[in-house]
Structure formats: C-alpha cells, structure tokens
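As structure tokens, the structure follows; a few thoughts come after it.
The values are calculated or read from the model by the stated rules, or taken from the named source; none is laboratory data. Since the model is a prediction, treat every value here as computed from it, not as a measurement. Here the Cβ positions follow ideal geometry from the backbone for every residue, glycine too, while neighbour counts run over all protein chains shown. Heavy atoms of the whole protein, side chains included, go into the accessibility calculation; ligands, DNA and RNA do not. Shrake-Rupley method; radii C 1.70, N 1.55, O 1.52, S 1.80 Å.
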Amino acid sequence: MVSITAAVAREHEKPLTLESLELDDLRGNEVRVRMVATGICHTDAIVRDGVYPTPLPAVLGHEGAGVVEAVGELVTSVVPGDHVVMSAAYCRHCDKCRTGQMAYCENLFAQCFGGSREDGTTSLTSSGERISSHFFGQSSFATHANVVEASIIKVDQEVPLDKLAPLGCGMQTGAGAVLNEIRPRAGSSFAVIGTGAVGMAAVMAARVAGCTTIVAIDRHQSRLDQALELGATHTINTTDLDLAEGLKSITDGAGVDAILDTTALPKLLVAAVDALAIRGTLALVGAAAPGTEAPFEIGGSLVKGWTFKTIVQGSSVPQDFIPRLVALWKEGRFPLDKLIQTYSPEQINDGFTDSESGKVIKPVLVW
Ligand SMILES: [Zn+2]
Ligand SMILES: [Zn+2]
C-alpha cells in the first residue's frame, strides 16, 4: 500500500476534490504507473454528473500517460521505466476481443465504468473508505495508478508524455474513425461535423489519408479557423450557412464521399445524408441519449447506395494504433499538441469548465 494524491468525484455535478488516498498492492495483471499527464474528456464530465452509473466516490480519468514503476507477475508487455499511454480497458476473452475488435468488447461497460477490478475489489481507499478505481482500467486523475495491462500501450520514449495523453480516447476516436473504418481514398472528399477534440483528430487524419477536400463544420468560428491550420481546406459555420447546401456548393454539386458526425444531432445527420455523394458513407461517433432517432430519407436516396455506420473508439486496437499516431506526430503530420492547454492538478475543475464552454479543445493535467 502506498499513499498517492488523486482528484476524487464525491457527488454528482460537484467539483472534484484533490485528496490523499491509499493505493493497494499490485495484482498480477496490473502495471503501477507514475502519471505524468492526463487528458480531460467529455466522458469524465458525464460520469461525474451521474449520466453513467459508476459508483461515487470515484477517481475518474481515462487519458493517462506516464512511466511504468512496477509490473505484476503476469505482465509481459512492459517493464519498469517504459513510457506508456493508457486507453480503454477490454476483457480480452470475448468474441470481439479475440477477433481484434476490442473497441466493441462485450464486457466494455463493466471493464470501463464498473468502478472496480473484475473481482469487484477496488485499488483505492481513503482512510478505509472504498473509492471506485479502474475507471477505463486506469483511474488516471492521480499521481499513481494500478492499471490493467489491457489498457497499457508502450510508446516511444523520445516524445514528451504530456503531448501524448489525449491519444488514449478522443484522438484515437477521431483518427481511428477515418484511418481504420472510413479509409478514404486519396483525392477524395471528407467532411466532419463538430470540431472538438474528436473532430480535429479526424481533420488531421483525413489529411494523412490524402483527402483533397476536407470540410470542417461547426458553430464556433475560432474552432473553424483552427481546423484550417490543421488541414481543413474549407469550413462551414452552421450559424450562417445551411449544411447540405454548403457541402454541395463546395463539391460542385457532387456531394461528399465521407462525412463523420461527432455531434449526434438528428437535424445535422439528416442534412448530411442529403449532402453525401453517390456511394458515400455517413459515420457517427457522437453520443446521444438512448432513444434518439434520425429520420433518413430512403426513397430517392436508395439509388445512391450509401452507407451509415456507428464507430466506437475509432475501431482501433490501441496497442497497434496509438504507436502509429505517435509516429505521425513525430513527423509533424498529427500535431495534436496544438489542441492542448495544460493545467495543474489544483486547476482540474477549471479544465472541466473550459472544456464545457468550448474555450479549450483539450485540457491536459500535468502531475
Ligand atoms: Zn471483450
Ligand atoms: Zn474519453
């Protein structure tokens, strides 16, 4: 047992509190990580607010990056001193995990949101009080964590860890949707609706894939200006311009080959279908409340032969995909650091506020 400092979510919709906690001894399948940086993601905010039922009090955080301090006796992928990025946990034994589709793990909810190890125990206590741990296998809003090996990705030691923390969730989601699922052809057209962290990652990935028309769509002009710096060739500000008309005009009436939606707003999805090219693909990564529906036109659009698909975590195998994004970062082709604003652990609640207001695209805590 060691003493650590962590940000604890104690009550729904209340600020996190920085506290001293006890971290349990390592289990065989766990890796003790000294955290260097942790990204703040929308999912942390909705769990803090009780939208997903992770039992509170809990240590959240699921975009950790740090240095391995110790490994359990069953761990084979890393040794002490390795630099690692952390991603979502998966069970490794279900049909989806065994076929490389761990983003769709049948046990994903328990693995990521259960607040405990698989045996129901937690690694965190506060003077004996149970604190939920293992959020996304990691609970990385902390100076140290016992992380399940499935969440651990070894990365290049030359790259500063505070630049890499967001790779584990938002960046992987946006870049993976493009590079692993949509796989646009070089010279094709691509549009992304919503330019938060996920949408910006998609813009950078579309450029990597060789798309020659890359349209960023948002209501905030400052974000659209930033998207142009990251590789977008056109922008549509939906406060002044109709989405479908704007896309048709940019593509000379042909429509867009692939559109990625990060907003899950039905009105925008319907407009996107209208703006798709023949054989186009509309992909959804945005989360909506259960029961949300989007009414698609299926008469006239039949002959377009179009596709709709939903994508989780960029359909990536994190241990394969994240090192590839790091290699692209080193070449200057995936400059995610331009999206990052760093915060001290004491400023964690400011990071949440700035993310929610749209002032900062990707807040990152530096421990
Ligand atoms: Zn699984
Ligand atoms: Zn996330």
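Here Val67, Val59, Val84 are screened, and the one residue that is within 16 Å of ligand 2 (Cβ to nearest atom) and of a type in the set (Val, Ile, Thr) is Val59.
Within the set of pairs 6+ apart or on separate chains, which have a first residue in the range 257-277 that is open to solvent by less than 40 Å² (accessible area, probe 1.4 Å) and part of a helix (DSSP H, G or I), a second that is among the charged types (D, E, K, R) and modelled with pLDDT of 95 or more, and C-beta atoms under 6 Å apart? Qualifying pairs under 6 Å: Leu269/Asp261. Looking at the range 152-159, is at least one residue open to solvent by less than 10 Å² (accessible area, probe 1.4 Å), modelled with pLDDT of 95 or more and of a type outside the set (A, V, I, L, M, F, W, C)? Within the range 152-159 (the criterion being open to solvent by less than 10 Å² (accessible area, probe 1.4 Å), modelled with pLDDT of 95 or more and of a type outside the set (A, V, I, L, M, F, W, C)), the answer is no, since none of the residues qualifies.
Let's see how each residue does on (1) among the aliphatic types (A, V, I, L, M); (2) modelled with pLDDT of 95 or more; (3) assigned to a strand (DSSP E or B); (4) within 19 Å of Ile311 (Cα to Cα):
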{"residue": "Leu179", "(1), (2), (3), (4)": "yes, yes, no, yes"}
{"residue": "Pro184", "(1), (2), (3), (4)": "no, yes, no, yes"}
{"residue": "Cys211", "(1), (2), (3), (4)": "no, yes, no, no"}
{"residue": "Leu228", "(1), (2), (3), (4)": "yes, yes, no, no"}
{"residue": "Glu245", "(1), (2), (3), (4)": "no, yes, no, no"}
{"residue": "Ser249", "(1), (2), (3), (4)": "no, yes, no, no"}
{"residue": "Gly253", "(1), (2), (3), (4)": "no, yes, no, no"}
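In a residue-by-residue description of the range 107-114, the property of being more than 16 Å from ligand 1 (Cβ to nearest atom), crowded, with 16+ Cβ neighbours inside 10 Å and in a helix (DSSP H, G or I) applies to no position.
Considering only residues in the range 80-93 that are within 8 Å of ligand 1 (Cβ to nearest atom) and surrounded by fewer than 17 Cβ atoms within 10 Å (Cβ to Cβ), the one that is farthest from the chain's Cα centre (by Cα) turns out to be His93. Annotation note: of Ala283, Ala327, the sole residue that is open to solvent by less than 30 Å² (accessible area, probe 1.4 Å) and within 27 Å of Glu63 (Cβ to Cβ) is Ala283. Against the condition modelled with pLDDT of 95 or more, touching a Ser or Thr at 6+ places or on another chain (Cβ under 8 Å) and open to solvent by 40 Å² or more (accessible area, probe 1.4 Å), how does Gly137 come out, does it pass? It is false that Gly137 is modelled with pLDDT of 95 or more, touching a Ser or Thr at 6+ places or on another chain (Cβ under 8 Å) and open to solvent by 40 Å² or more (accessible area, probe 1.4 Å).
Inside the range 140-175, residues that are more than 13 Å from ligand 2 (Cβ to nearest atom), touching a residue at least 60 places away in the same chain (Cβ under 8 Å) and under 30 Å from Phe190 (Cβ atoms) make up a count of 8.
Taking each residue of the range 103-115 that is under 24 Å from Glu181 (Cα atoms) and looking for partners that are within 16 Å of ligand 2 (Cβ to nearest atom) and of a type in the set (S, T, N, Q) with beta-carbon atoms closer than 6 Å, six or more apart or interchain, yields Ala103/Gln313; Ala103/Ser315. Of everything in the range 38-53 that is surrounded by 21 or more Cβ atoms within 10 Å (Cβ to Cβ) and closer than 22 Å to Gly199 by Cβ, the residue that is farthest from ligand 1 (Cβ to nearest atom) is Ile40.
Could you please find all residues in the range 330-341 being in a strand (DSSP E or B) and surrounded by fewer than 16 Cβ atoms within 10 Å (Cβ to Cβ)? Correct list: Gln341 only. Only one of the numbered conditions (1) in contact with a strand residue (DSSP E or B) (Cβ under 9 Å, 6 or more places away or on another chain); (2) open to solvent by less than 20 Å² (accessible area, probe 1.4 Å) is violated by Gly305, and that is (2).
Contact map, the range 21-49: first residue outside any strand (DSSP E or B), second residue within 16 Å of ligand 1 (Cβ to nearest atom) and open to solvent by less than 10 Å² (accessible area, probe 1.4 Å), Cβ cut-off under 8 Å, separation 6 or more or different chains; the map is empty. Cβ separations smaller than 8 Å between residues 6+ apart or across chains give the following pairs from the range 188-199 residues that are part of a loop (DSSP other than H, G, I, E, B) to residues that are open to solvent by less than 10 Å² (accessible area, probe 1.4 Å) and modelled with pLDDT under 95: Gly196/Gly170. Within the bounds of the range 22-33, is there any residue that is more than 16 Å from ligand 1 (Cβ to nearest atom), within 24 Å of the chain's Cα centre (by Cα) and surrounded by fewer than 18 Cβ atoms within 10 Å (Cβ to Cβ)? Within the range 22-33, none of the residues are more than 16 Å from ligand 1 (Cβ to nearest atom), within 24 Å of the chain's Cα centre (by Cα) and surrounded by fewer than 18 Cβ atoms within 10 Å (Cβ to Cβ). Restricting attention to the range 300-336, the residues that are of a type in the set (A, V, I, L, M, F, W, C) and touching an Asp or Glu at 6+ places or on another chain (Cβ under 7 Å) add up to 2. Selection over the range 131-176 of residues that are of a type outside the set (D, E, K, R) and in a helix (DSSP H, G or I) gives a count of 18.
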